[in-house]
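Novice: After the structure tokens below, expect a handful of questions from me.
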Amino acid sequence: MQHNIDLGAYSIRTDLAVESHELAQQEQQAPLSGFEMETDDREPGIKVTRMTVQDEEAGRQIGKWPGHYLTIEVPKLRNNDSELEQQVMRRFAHEFKQFLEKKGLTENKKALIVGLGNWNVTPDALGPLVVENLLITRHLFTLAPESVEDGYREVSAISPGVLGITGIETSEIVFGVVEKSKPDFVICIDALASRALHRVNTTIQISDTGIHPGSGVGNKRKAIDEATLGIPVIAIGVPTVVFASTIVHDSITYLLGHFGQSVQESKRAFNRLTTSSVPERKEPYTEEDLPDMESRKTFMGLVGQLSEQDKQQLIHEVLQPLGQNLVVTPKEIDDFIEGIANIIASGLNSALHRAVGQENVNAYTH
């Protein structure tokens, strides 16, 4: 999320720690050392991956700082299912509350929430939209502490905009606010970039290693982390964009996966490639779903036989000189960004304030 991996030889860019780990493991073709991985998919439709990068050597392997990374993947989150959104909100609130407890950030600790991003650009407006729906209490603790009931935490929030709007580095704004308001920890919320189509608009990442504003699209900015601010920084991010090269790469994989599954099914029943009956497809495709190398060559020539890294490199070499390696977002981003902002805001309200429970959490968002 925050210390962006950029595998120069392959031009692969991602903000997600799980993707960085996958890429490094594919390159090494063996399990990586220095990592603790735990996957929880007991709740239907929701997969939670907890990853600990144990030391700097492990971090260098994937381009991330040592720390804890938690990823919530919900493949059907794009379907605008209100019941599923409530389920994801409850799970996010539970996981985030546990994340804070493990960091020793008890309910008496004061929080500053920073909504990063450009509110004028829809896929980058996640942070500001979340801030709009938060339960803010710091002014009440300051001006009328006697009116604050038990179960509420002191919370403040800002949306500092982006460098192009303010002319000021976001980290400088946040540092100034932290210096004056003196919170005990900071929560940063930002839109991310993914290297896989199936994770766009379906994934939430939480980490305790800070954040680099703009890193997902290659804009290097000063970090907002514990070393910079002197207090813990928790980062929350959702991938809302991918590069055009990723779309081309994944489309080739989907085609090969489609062919591979169809060939396998034709051996058991009949050839679905020549009928209107289309089998149910899954994503992402695994190596087992793809046809053998000879079949890949038959279907797609030499391109079908390229390794994942070689395929990425070839696509990048074609698109980059033409200026066509665009940063792309789905057309449904308007509806999605509001929905996911409500999920995160409601989850934060519930996790940060003990008095806000599942029965009344919706009263604090709009």
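The values are calculated or read from the model by the stated rules, or taken from the named source; none is laboratory data. Just so it is clear, the structure is predicted and the values come from calculations on it, not from any experiment. In this analysis, Cβ positions are derived from the backbone assuming ideal geometry, glycine residues included, and neighbour counts consider all displayed protein chains.
Novice: Among residues belonging to the range 139-155 that are surrounded by 12 or more Cβ atoms within 10 Å (Cβ to Cβ) and among the aliphatic types (A, V, I, L, M), point out the one that is nearest to Asn108 (Cα to Cα).
Specialist: Val155
Novice: Please list, ordered by residue number, the helices (runs of 4 or more DSSP H) wholly in the range 63-165 having 3 or more residues that are over 22 Å from Met51 (Cβ atoms), in contact with a Phe, Trp or Tyr (Cβ under 8 Å, 6 or more places away or on another chain) and at pLDDT below 95.
Specialist: Per the criteria, no element qualifies.
Novice: If you don't mind, another one. For residues that are under 26 Å from Ile247 (Cα atoms) and hydroxyl-bearing (Ser, Thr, Tyr), scanning just the range 13-55, find the one that is surrounded by the most Cβ atoms within 10 Å (Cβ to Cβ).
Specialist: Thr14
Novice: Filter the range 330-366 for residues that are among the hydroxyl-bearing types (Ser, Thr, Tyr) and surrounded by 22 or more Cβ atoms within 10 Å (Cβ to Cβ) and give the result.
Specialist: Matches in the range 330-366: Ser346, Ser350.
Novice: While we're here: Do we find that Trp65 is crowded, with 18+ Cβ neighbours inside 10 Å, touching a residue at least 60 places away in the same chain (Cβ under 8 Å) and of a type in the set (Phe, Trp, Tyr) in this structure?
Specialist: When the stated conditions are applied, Trp65 passes them.
To keep it simple, each residue is scored yes or no on (1) in contact with a Cys (Cβ under 7 Å, 6 or more places away or on another chain); (2) farther than 20 Å from His198 by Cα; (3) among the charged types (D, E, K, R).
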site: Ala58; (1), (2), (3): no, yes, no
site: Lys64; (1), (2), (3): no, yes, yes
site: Leu70; (1), (2), (3): no, no, no
site: Glu83; (1), (2), (3): no, yes, yes
site: Lys109; (1), (2), (3): no, yes, yes
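Novice: From the residues in the range 318-329 that are surrounded by 12 or more Cβ atoms within 10 Å (Cβ to Cβ) and part of a helix (DSSP H, G or I), which one is modelled with the lowest pLDDT?
Specialist: Ranking the qualifying residues of the range 318-329, first place goes to Gln320.
Novice: Could I ask something else about it? Among the residues of the range 308-317, is any farther than 19 Å from Ala196 by Cα, part of a helix (DSSP H, G or I), under 26 Å from the mean Cα position of the chain (by Cα) and touching a residue at least 12 places away in the same chain (Cβ under 8 Å)?
Specialist: no
Novice: Out of the residues in the range 208-237 that are polar (S, T, N, Q) and either farther than 18 Å from Val53 by Cβ or part of a strand (DSSP E or B) (or both), which is modelled with the lowest pLDDT?
Specialist: It comes out as Asn219.
Novice: Cβ contacts < 8 Å: first residue touching a residue at least 12 places away in the same chain (Cβ under 8 Å) and closer than 16 Å to Asn79 by Cβ, restricted to the range 335-351; second residue buried (at least 22 other Cβ atoms within 10 Å of the Cβ) and hydroxyl-bearing (Ser, Thr, Tyr), any location; separation 6+ or different chain. Result?
Specialist: From residues that are touching a residue at least 12 places away in the same chain (Cβ under 8 Å) and closer than 16 Å to Asn79 by Cβ, the pairs are Phe336/Thr240; Ile337/Thr240.
Novice: Which condition number in (1) exposed (fewer than 15 other Cβ atoms within 10 Å of the Cβ); (2) over 24 Å from the mean Cα position of the chain (by Cα) is the one that Lys103 fails?
Specialist: So Lys103 meets the others, but not (2).
Novice: Would you confirm whether or not the range 134-150 contains a residue that is free of Cβ contacts under 8 Å to residues at least 24 places away in the same chain and among the charged types (D, E, K, R)?
Specialist: yes
Novice: Go through the range 166-176 residue by residue and tally those that are in a helix (DSSP H, G or I) and either touching a Lys or Arg at 6+ places or on another chain (Cβ under 6 Å) or buried (at least 19 other Cβ atoms within 10 Å of the Cβ) (or both).
Specialist: Matching residues across the range 166-176 total 3.
Novice: Report yes if Ser251 is buried (at least 23 other Cβ atoms within 10 Å of the Cβ), closer than 30 Å to Thr298 by Cα and not aliphatic (A, V, I, L, M), otherwise no.
Specialist: Considered against the rule, which asks whether it is buried (at least 23 other Cβ atoms within 10 Å of the Cβ), closer than 30 Å to Thr298 by Cα and not aliphatic (A, V, I, L, M), Ser251 comes out as no.
Novice: Moving on to the next point. If the requirement is being under 14 Å from Pro123 (Cα atoms), outside any loop (DSSP other than H, G, I, E, B), β-branched (Val, Ile, Thr) and at pLDDT 95 or above, which of these qualifies: Ile340, Ile344?
Specialist: Ile340 is the lone residue from the list that is under 14 Å from Pro123 (Cα atoms), outside any loop (DSSP other than H, G, I, E, B), β-branched (Val, Ile, Thr) and at pLDDT 95 or above.
Novice: Okay, moving on. For the structure I just gave you, tell me whether Ile158 is exposed (fewer than 12 other Cβ atoms within 10 Å of the Cβ) and under 25 Å from the mean Cα position of the chain (by Cα). Let's see the steps before the verdict.
Specialist: On the way: exposed (fewer than 12 other Cβ atoms within 10 Å of the Cβ): no; under 25 Å from the mean Cα position of the chain (by Cα): yes.
Against the criterion (exposed (fewer than 12 other Cβ atoms within 10 Å of the Cβ) and under 25 Å from the mean Cα position of the chain (by Cα)), Ile158 does not qualify.
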